[in-house]
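What follows is a set of notes on a single structure, which appears directly below.
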Amino acid sequence: SELSLSVRVQRGALNPSCVTDIPRTNGRDPGSGGGLALPETDTVIGCTVTGLFTTKNLHLHHCLMDVFSFLTAALLCTVVVHAKPTLRKERVLHDPELARPAHEDNKSFQYDHEAFLGKEEARTFDQLTPEESKDRLSKIVDRIDGNVDGYITTAELKSWIKRVQKRYVYENVAKVWTDYDLNKDNKISWDEYKQATYGYYLANPEEFDESTDQFSFKKMLPRDERRFKTADLNGDLAADREEFTSFLHPEEFEHMRDIVVLETLEDIDKNGDGHVDEDEYIADMFAHEDGGPEPDWVKTEREQFSDFRDLNKDGKMDQEEIRHWIMPQDYDHAQAEARHLVYESDQDKDQMLTKEEILGNWNMFVGSQATNYGEDLTKNHDEL
């Protein structure tokens, strides 16, 4: 039977507790339910910033290597272990914590909760009573109303959602900073990161000679180094907090966008010609294993490639066409979500929300014990 996991790789001993869900932001859509196509008999054993690695028949004593994750961005990367991939994959970059799943329906507000609150805070609200949730939402509304006029505009909601997204990025960096700043100089050098992430491999390279996955250590280490040096704006091979943030979350920084595009190209370009042709584009989304007819959505994607991806009609995508694909400039996800929340809650249709209108549709904005998703979540969080 298939066992599907949402993969987050966290620095520290590799064990089941460090496989959780967090966006991976190398250009893959965190909400798509897609992931890397792994060999059928391989098991995911870790991840660096720029990729996954696997090995066959890994023994428990190998699980001491350090690994790390971030979002992108972001950015869920679902990997099928001991099974062939069957789900569609996408690479379009969305804002961290803000990518609406394709299966979302009108009966579930989880996406709205996570966009409005952030994933962790949304889980906290799921543990509250409806009365407590509405009380805390009322306080949040006061904070969103920047000009204190009693109305929440689409612009104010968009600003709040952007703030929530940015908070996620910087909180993610803060959680791992001390793990990498080994000498406590408030910087993380390339050597510190390399030792923490690749120390086991560098000390035991013979154990990985048989690894054939695209994201083997030998390919990941220089790839991480290239990204680190791009993030290191002053060239001292030591990242301050802002530089390290851009290293872990390149999709959030304009000067890192070329790296995101290049890594996406390298992921998909199987023949190494520096371009992505139609078959490579489809293969990244769909593994055609059973020899039967392609699903209708695959046929649609082939038409998308021809009509909208291959802009110069030469039968393949170059880096600029990949950039246009994964970083669309004509769609703002925070703006779209803000408009959605206003549209669904604006009872008098004045294109603004009062606190009463928001509280009247409170379960779209926040959850509670009455609207949660059956998760056993006990972690405490500070109020927004």
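Any read-out appearing in this document is the output of simple, stated calculations on the displayed coordinates, not a laboratory observation. All figures in this text were calculated on a predicted structure; none of them were measured in a lab. Neighbour counts are summed over all protein chains in view; Cβ atoms, including those assigned to glycine, are modelled from backbone coordinates with ideal geometry.
The residue 332 and residue 219 beta-carbon pair, evaluated with R₀ = 25 Å, returns a calculated FRET efficiency of approximately 0.15.
Efficiency by 1/(1 + (r/R0)^6): what FRET value for residue 254 and residue 355, r their Cβ-Cβ distance, R0 = 41 Å, to the nearest 0.05? Intermediate values should be presented prior to the final figure.
Values: r = 36 Å, r/R0 = 0.89.
My answer for the efficiency is 0.65.
Reported to the nearest whole Å, the Cα centre-to-centre distance from region 175-191 to region 222-259 is 15. The magnitude of the dipole of region 143-232, with charges of +1 and -1 set on the Cβ of Lys/Arg and Asp/Glu and taken from the Cα centre, is near 560 debye. Of the trypsin sites (Lys or Arg not before Pro) found in region 143-212, those that fall in a DSSP loop while having at most 15 other beta-carbon atoms within 10 Å are 184. Applying both filters, DSSP loop and at most 14 other Cβ atoms within 10 Å, to the chymotrypsin sites (Phe, Trp or Tyr not before Pro) of region 256-340 gives 331. Under a 5 Å amide H cut-off, with hydrogens placed 1.01 Å from N, residue 354 pairs with 152 among residues at least 5 apart or on other chains.
Pairs spanning more than 24 Å between alpha-carbon atoms, out of 119/229; 162/194; 134/158; 218/299; 218/316; 184/229: 119/229; 162/194; 218/299; 218/316. Taking amide H as placed 1.01 Å from N in the peptide plane, residue 277 has its amide H under 5 Å from the amide H of 317, each at least 5 places away in sequence or on another chain.
How far, in nm, would the chain grow between residue 241 and residue 318 when pulled straight, counting 0.36 nm per residue and subtracting the alpha carbon separation? Intermediate results must be reported in sequence, preceding the final value.
Details: separation 77, 0.36 × 77 = 27.72 nm, distance 3.27 nm.
Taking residue 241 through residue 318 to full extension adds about 24.5 nm, to one decimal.
Which length gain, in nm to one decimal place, applies between residue 171 and residue 138 when the Cα-Cα distance is subtracted from 0.36 nm times their residue separation? Don't skip to the answer; put the middle values down first.
Working: separation 33, 0.36 × 33 = 11.88 nm, distance 2.42 nm.
Taking residue 171 through residue 138 to full extension adds about 9.5 nm, to one decimal.
Sum up the charges of everything whose Cβ sits under 11 Å from the Cβ of residue 245, counting Lys and Arg as +1 and Asp and Glu as -1, but leave residue 245 out. Surrounding charge for residue 245 is -3. In region 221-324 the Cα-Cα distances spread across 10 Å bins starting at 0 as 14, 35, 27, 17, 5, 0 percent of all pairs. Annotation: region 297-354 has a Kirkwood hydrodynamic radius of 14.2 angstrom, from the mean reciprocal C-alpha pair distance.
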